[in-house]
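These notes are about the structure you will find just below.
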Amino acid sequence: MTDTIPILSVQNVTKTFGGIAAVSDVSFDVQSGTICGLVGPNGAGKTTLVNVLSGFEPSTSGQVRLGERSLFGWSATRRARAGLVRTFQHAHTFGSMRVGEALAAASVPPRGTGVRALFPSRDRQEITDRVGKVLQFLQLTRWEHALCGDLPYGVKKRLGIGLSLVTEPKVLLLDEPAAGLNTVETTGLVEMLRKLRSTGITILVIEHSMPLIRSVCDSMVVLDHGVKIHEGPPEVVLTDERVIGAYLGRR
Amino acid sequence: MGVLAIAERRSTSSATGKDLRRAAPIVLPLVLLVLPLVTSSPQHHSWVAASLLWSLWVASLNIVWGYVGLLSVAQLALGAIAAYWVAILGARTDTNLGVLVVVGVLLSMVASVLLGAVSTRLKGFYFTIITIAFALTVSTILMNWDVAGRTTGLMFLRSEIPVIHLGPYELIATTTEGFYVLTAIVFVLANAIAALVLYSRAGRAMRAVRDDPQLARSLGFSPAAIRTLAFALSGALAGVAGILHAYSFQLVVPELFAIDQALLAVMLIVLAGLGNVWAPVIAGIIYLLLYQVAPIDGDLRAGLLGLVVILVILLLPRGIVDAVPAWRRAWAHRAASHSEEASA
């Protein structure tokens, strides 16, 4: 592929639960500024892999690199601050906050959440601006004053992505962003992913919808029973016998 | 990064309800300053002082339970540490009172942080069980330790009643007016601090961790660090409340800081509105009405309070403070739907 160092590098990652491997010796690279699809049938180990990459679960072996840095032993908190930010399959939000507040809250961690955070920050205007831009970008402006807990599911999922965008991530790990969305919302999502890519954010997206994968992904990785069975550009991978077999069932 | 370049226009936000809540730290001192002008009755002053003291306990509990979502029944036990420290060393040494108080508050703070450290391993109810164990341990030690006076307790600073002069007031426990002014000052400061914390970035972080610790971690918050900060503030406040509590009774005894007293703070905060910046104030008013003003027999009070708590949980699950905006919203909603019907 290219000579540049991949922004995200997964090297021989294995994750076992009580002796059973959920992810087994998986390696792949994601190049900066691209969208990589992570697909596979239910139970293939996709979410487990995202949990390992984001630091929510320690890997049993193998390592993850963000650019030149090894993330070995890094907590989820530290990984997020370094720019590796994940979203969740089931919409997570800060239920008691209004949308605008929640987005402003998401801008706190890079400035430190210790004793210093007790004092007013000097860049309030900058935070307001950034929150406003994310609201615009995700078309959440009309929900700004709504309580996160009261939002419709699709909006909640969009807010989930919005929260991660406020942190200015380098790499976004999206766990089934289209699950539970209607067709209009899914079209909006495709559009949004393309725009994000154009701004230089690298995206690893778990997805079930093949049309979505085909239309936005630059590359894709297929997992089955925790093992990587194929990797490459969607137009190549999706015609592969093994992939079709794993995904659609053998004919 | 560049996402932000895509959508350039900035949204303008209006904040109306927010302003009222943010005014709390400014409005409170005014109310309290007016009181001595309205009444000169020592009884009224002592009523209000006792209520303000309970407000302080509630403010301390509000930070750990309301802001970061961990129910603790150890707040009074934490306060006992500071109170007993001051009582024991005040009676046996000539240490400067200011130094004693500061060190006492620090001790409560450290104990609170240590207690909070277990919260990173234990979730929800399990943490509460640890705080029950902590409270019981503290009271068992106090009841069996000779130095702490066992069940009869110790006189609090009887030998050296400190007098602080502030304008026309002498801030001493022996005059109710003096004690009122002292408590009012501490209360105003504590509330201002608690309110400023809630609306600071740290407060946002606390609420984020309370609402969804997983999401908070995924965005780069460190739940452990944020909880530690909350426990430190809450512990310091408990230490201050403990010392004032002992000062008002001129005595430290284990019952003063027992677990049933901690449960009173829990009930008061549920009534007032957990996590709300006004909760300590409302809790103080409830205490004033129910425990001071109402001519009810002591045993009946706890029963009555229990009954009120049940009713409030059933009718206003988010407490009294949140009921007002909720009613206002419902009213606005009704008005809006009426006008829509009219125009249709």
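Tabulated results
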| quantity | calculated |
| --- | --- |
| From A:E207, A:E185, A:E176, residue being within 27 Å of A:T77 (Cβ to Cβ) and modelled with pLDDT under 90 | A:E207 |
| Residue list for the range B:64-79, restricted to those being assigned to a helix (DSSP H, G or I) and touching a Lys or Arg at 6+ places or on another chain (Cβ under 8 Å) | B:Y67 |
| A:T77 vs. criteria within 14 Å of chain B (Cβ to nearest Cβ), within 19 Å of B:P213 (Cα to Cα), in a loop (DSSP other than H, G, I, E, B) and in contact with a Lys or Arg (Cβ under 6 Å, 6 or more places away or on another chain) | no |
| Qualifying residues in the range A:144-154 (those that are in a helix (DSSP H, G or I) and more than 17 Å from A:G188 (Cα to Cα)) - the one modelled with the highest pLDDT | A:C148 |
| Some residue of the range A:64-74 being within 12 Å of another protein chain (Cβ to nearest Cβ), crowded, with 23+ Cβ neighbours inside 10 Å and either in a loop (DSSP other than H, G, I, E, B) or modelled with pLDDT of 90 or more (or both) | no |
| The range A:149-178: number of residues that are of a type outside the set (V, I, T), buried (at least 16 other Cβ atoms within 10 Å of the Cβ) and more than 16 Å from B:D212 (Cβ to Cβ) | 12 |
| The listed residue being in contact with a helix residue (DSSP H, G or I) (Cβ under 9 Å, 6 or more places away or on another chain), closer than 24 Å to A:G160 by Cα and of a type in the set (A, V, I, L, M, F, W, C), out of A:F17, A:F88 | A:F88 |
| Which listed residue is surrounded by 22 or more Cβ atoms within 10 Å (Cβ to Cβ) and either touching a His at 6+ places or on another chain (Cβ under 6 Å) or more than 9 Å from chain A (Cβ to nearest Cβ) (or both), from B:A205, B:A265, B:A258, B:A216 | B:A265 |
| Residue that is surrounded by 19 or more Cβ atoms within 10 Å (Cβ to Cβ), of a type outside the set (V, I, T) and within 9 Å of another protein chain (Cβ to nearest Cβ), where the choices are B:F179, B:F221, B:F187 | B:F221 |
| B:L290 vs. criteria in contact (Cβ under 8 Å) with a residue 12 or more places away in the chain, aliphatic (A, V, I, L, M) and within 25 Å of B:D211 (Cα to Cα) | no |
| Residues satisfying the stated conditions in the range A:1-14, i.e. of a type outside the set (D, E, K, R) and either out of contact with any helix residue (DSSP H, G or I) (no Cβ under 8 Å at 6 or more places or on another chain) or free of Cβ contacts under 8 Å to residues at least 12 places away in the same chain (or both) | A:M1, A:T2, A:T4, A:I5, A:P6, A:I7, A:S9, A:Q11, A:N12, A:T14 |
| Close pairs (8 angstrom Cβ cut-off, 6 or more residues apart or separate chains): on the phi > 0 side of the Ramachandran plot in the range A:158-172, part of a loop (DSSP other than H, G, I, E, B) and among the aliphatic types (A, V, I, L, M) anywhere | A:E168/B:M1 |
| Filter result (more than 17 Å from A:F28 (Cα to Cα) and within 14 Å of chain B (Cβ to nearest Cβ)) within the range A:196-248 | A:L196, A:R197, A:S198, A:T199, A:G200, A:I201 |
| Residue in the range A:21-39 that is more than 24 Å from A:H208 (Cβ to Cβ) and without any contact (Cβ under 8 Å) to a residue 24 or more places away in the chain present | no |
| Which numbered condition B:S248 misses (of (1) under 16 Å from B:S51 (Cα atoms); (2) out of contact with any Leu (no Cβ under 8 Å at 6 or more places or on another chain); (3) modelled with pLDDT under 85) | (2) |
| Leading residue by the ranking (farthest from the chain's Cα centre (by Cα)) among those in the range A:47-104 that are basic (K, R) and within 22 Å of A:T202 (Cα to Cα) | A:R69 |
| Single residue of the range B:88-112 satisfying the filter (buried (at least 19 other Cβ atoms within 10 Å of the Cβ), touching a Ser or Thr at 6+ places or on another chain (Cβ under 9 Å) and in contact (Cβ under 8 Å) with a residue 60 or more places away in the chain) that is farthest from B:W57 (Cα to Cα) | B:G90 |
| Of residues in the range A:133-148 being more than 22 Å from the chain's Cα centre (by Cα), touching a residue at least 12 places away in the same chain (Cβ under 8 Å) and facing chain B (nearest Cβ under 9 Å), the one surrounded by the most Cβ atoms within 10 Å (Cβ to Cβ) | A:E144 |
| Filter result (aliphatic (A, V, I, L, M), part of a strand (DSSP E or B) and more than 8 Å from chain B (Cβ to nearest Cβ)) within the range A:80-104 | A:L84 |
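Quick grid of which residues meet (1) among the polar types (S, T, N, Q); (2) closer than 18 Å to B:L256 by Cα; (3) in contact with a Phe, Trp or Tyr (Cβ under 6 Å, 6 or more places away or on another chain):
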site: B:I63; (1), (2), (3): no, no, no
site: B:I81; (1), (2), (3): no, yes, no
site: B:G98; (1), (2), (3): no, no, no
site: B:S108; (1), (2), (3): yes, yes, no
site: B:L122; (1), (2), (3): no, no, no
site: B:F125; (1), (2), (3): no, no, no
site: B:M143; (1), (2), (3): no, yes, no
site: B:D146; (1), (2), (3): no, yes, no
site: B:G149; (1), (2), (3): no, yes, no
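The values are calculated or read from the model by the stated rules, or taken from the named source; none is laboratory data. All figures in this text were calculated on a predicted structure; none of them were measured in a lab. Ideal geometry is used to build each Cβ from the backbone, glycine not excepted, and the neighbour counts take in all protein chains shown.
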